[in-house]
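Any read-out appearing in this document is the output of simple, stated calculations on the displayed coordinates, not a laboratory observation. Only a predicted model underlies this, so the values are computations on that prediction, with no experimental measurement involved. Positions of Cβ are backbone-derived with ideal geometry, glycine not excepted, and every protein chain shown enters the neighbour counts.
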Amino acid sequence: MSPSEIRDLLSRPTITPAELIASGILPLRKNAVYAALQRGDIESISLGHKKAIVTAPLRRKLGLE
């Protein structure tokens, strides 16, 4: 993803784990992202069986705010 696409993605209130993995923002593969979600290292909201990653804390952790 280009820097502008990443900026647009992180400007949304939430993103899916698949979008985070595809973006390449974090050097993590699918299993590592889901493990981080389960541990609470990446803040998320559970919507039934689905997860939505809250982008504000993620931006802070990445030093983008």
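Considered as an equivalent ellipsoid built on the Cα gyration tensor, the chain has semi-axes of 18, 13, 12 Å, the largest given first.
You can think of it this way: the chain between R39 and L9 has 8.5 nm of extra reach, that is 0.36 nm per residue less the Cα-Cα gap. Where in the range 1-40 does the amide nitrogen come within less than 13 Å of the point 7 Å from the Cα of L47, taken along Cα to Cβ? Correct set: 13-19.
Where only DSSP H runs of four or more residues are counted, the chain gives -14000 deg cm²/dmol as its mean residue ellipticity at 222 nm, each run worth -39500 (n - 2.57).
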